[in-house]
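Chemist: I have a structure I would like to understand better, so I am pasting it below and will then ask my questions one at a time.
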Amino acid sequence: NAGVTQTPKFQVLKTGQSMTLQCAQDMNHNSMYWYRQDPGMGLRLIYYSASEGTTDKGEVPNGYNVSRLNKREFSLRLESAAPSQTSVYFCASSEARWGNQPQHFGDGTRLSIL
Amino acid sequence: GEDVEQSLFLSVREGDSSVINCTYTDSSSTYLYWYKQEPGAGLQLLTYIFSNMDMKQDQRLTVLLNKKDKHLSLRIADTQTGDSAIYFCAESINNDMRFGAGTRLTVKP
C-alpha cells in the first residue's frame with residue numbers, strides 16, 4: 001500500500017534552473033496539496049487541488065506552478081529556482097477538502113538550490 | 001496571535017509520560033490534529049479530535065482540548081525511544097489546515 005509517493009527524494013539545483021516535483025497517490029483521494037517545511041516553522045501550503053481539474057493558491061504560491069494531471073497525480077514546478085526555495089517539500093492528499101478528512105503525506109523531497 | 005504555537009523541544013526519560021502542548025488560533029476550528037514526523041519521513045497522522053470533545057484516548061495517547069483557552073495537549077504514556085520524533089499540532093479552519101512548527105521529543109534511555 002504505497003499511499004503518497006514523491007519523486008525525487010533529493011535534488012540539488014543551481015539558481016535559475018527549473019524542475020518538476022512529482023506526486024502520486026493511490027488512495028483515490030479527491031484533494032491534493034503541496035507544502036514546504038522550513039526549520040522552526042510549520043508546514044506552509046503552496047498550492048492545493050480540491051478536486052481533479054481545479055487548483056488554487058495557498059499561503060506561499062509565488063515562484064511555483066502546479067498541475068493536477070489526473071486524479072492520482074499532482075506536480076509542482078519551479079520555473080526559475082532561487083536559494084529561498086531551498087526546503088523540504090511535502091505532497092499530501094485527502095478524501096476531500098473538508099475539516100474531518102485527515103491529510104496523508106508523502107516522505108518529502110529535499111531540495112537544495114545553490 | 002495568528003500562529004499555532006508549540007514549544008520546540010521536549011526531553012523525557014524512557015518510561016515517563018510526555019505532554020506536548022499546543023495553542024491554536026481560531027475558536028471556530030472544527031478539527032484538531034496531532035501528526036508525528038520521524039527523521040527523513042513525512043507526517044503521519046496520530047490522532048485527531050473534534051472540537052465538541054474534551055478528551056480522546058487511544059492506547060498510550062490522550063488528547064485533551066480546552067476550547068476556552070484554545071489549548072490542545074497530547075500525552076504519551078510510558079514513553080519509549082521509538083516515540084522520539086517531531087510532533088505537529090494542526091487545526092482545521094474552513095477546510096484549510098494550519099500547522100504549528102513542531103515539538104521535537106527526545107526520549108532518553
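We did not get these values from a lab; they are worked out from the coordinates using the rules stated. Everything numeric in this text was worked out from a predicted model, so none of it was measured. Glycine gets a Cβ as well: all are built from the backbone with ideal geometry, and neighbour counts include every protein chain shown.
Chemist: Could you tell me how far the Cα centroid of the stretch A:1-75 sits from the Cα centroid of the stretch B:51-109, in Å?
Modeler: For the stretch B:51-109 versus the stretch A:1-75, the Cα centre distance is 25 Å.
Chemist: Sticking with this one: Just grab the label-to-label distance for B:Asn94 and A:Arg110, each label 7 Å out from Cα along the Cβ direction, in nm (one decimal).
Modeler: Here the answer is 3.7 nm between the modelled labels.
Chemist: In nm, to one decimal, how far is the A:Met19 label point from the B:His71 one, both placed 7 Å along Cα→Cβ?
Modeler: 4.4 nm
Chemist: How far apart, in nm, are the 7 Å Cα→Cβ label points at B:Thr25 and B:Glu5?
Modeler: 1.3 nm
Chemist: Another question, then. Among all the lysines, which ones have a C-alpha under 20 Å from A:Lys57's C-alpha, if same-chain residues fewer than 8 places away are not counted?
Modeler: Straight-line reach from A:Lys57, under 20 Å: A:Lys71.
Chemist: Going Cα to Cα from B:Lys70, which aspartates and glutamates come in below 13 Å? Please leave out same-chain ones fewer than 8 positions away.
Modeler: Those aspartates and glutamates meeting the cut-off are B:Glu2, B:Asp3, B:Glu5, B:Asp26, B:Asp54, B:Glu91.
Chemist: Let me check against my output: what whole-number percent is the relative contact order of chain A, with C-alpha pairs under 8 Å and at least 6 apart? Each step should come with its number before you reach the end.
Modeler: Working: 295 pairs, mean separation 40.8, N = 114.
Reported as a whole number, the value is 36 percent.
Chemist: How large is log10 I(q)/I(0) at q = 0.07, 0.10 Å⁻¹ when the Debye formula is applied to the Cα atoms of the protein assembly as shown, each weighted equally and without solvent?
Modeler: -0.22, -0.45
Chemist: Explain nothing, just the number: relative contact order of chain B, from Cα pairs under 8 Å at least 6 residues apart, as a whole percent.
Modeler: This gives 38 percent for chain B.
Chemist: Starting from the coordinates of the alpha-carbon atoms of chain A, obtain the Kirkwood hydrodynamic radius over all distinct pairs and give the value in Å to one decimal.
Modeler: 13.9 Å
Chemist: Pairs A:Lys9/B:Lys56; B:Lys67/B:Lys108; B:Lys36/B:Lys108: which exceed 25 Å Cα-Cα?
Modeler: From A:Lys9/B:Lys56; B:Lys67/B:Lys108; B:Lys36/B:Lys108, over 25 Å: A:Lys9/B:Lys56; B:Lys67/B:Lys108.
Chemist: Just need log10 I(q)/I(0) for the stretch B:6-109 at q = 0.10, 0.16, 0.23, 0.24 Å⁻¹, Debye formula, equal scatterers on the alpha-carbon atoms, no solvent, rounded to two decimals.
Modeler: Cα-only, vacuum Debye calculation for the stretch B:6-109: -0.25, -0.64, -1.27, -1.36.
Chemist: Amide H neighbours of B:Glu14 under 5 Å, at least 5 residues apart or on other chains, H built in the peptide plane: list them.
Modeler: HN-HN under 5 Å from B:Glu14: B:Lys108.
Chemist: With θ set to phi - 60° and the Karplus curve 6.51 cos²θ - 1.76 cosθ + 1.60, what are the ³J(HN,Hα) couplings of the stretch B:49-64 in order, to the nearest whole Hz, using x for Gly and Pro?
Modeler: Ordered by residue, 3J(HN,Hα) equals 9, 7, 5, 8, 9, 9, 8, 9, 10, 9, 6, 7, 9, 10, 9, 10 Hz.
Chemist: Right, another one. What percent of all Cα-Cα pairs in the stretch A:6-54 falls in each 5 Å bin, counting up from 0?
Modeler: 5, 14, 20, 25, 21, 11, 5, 0
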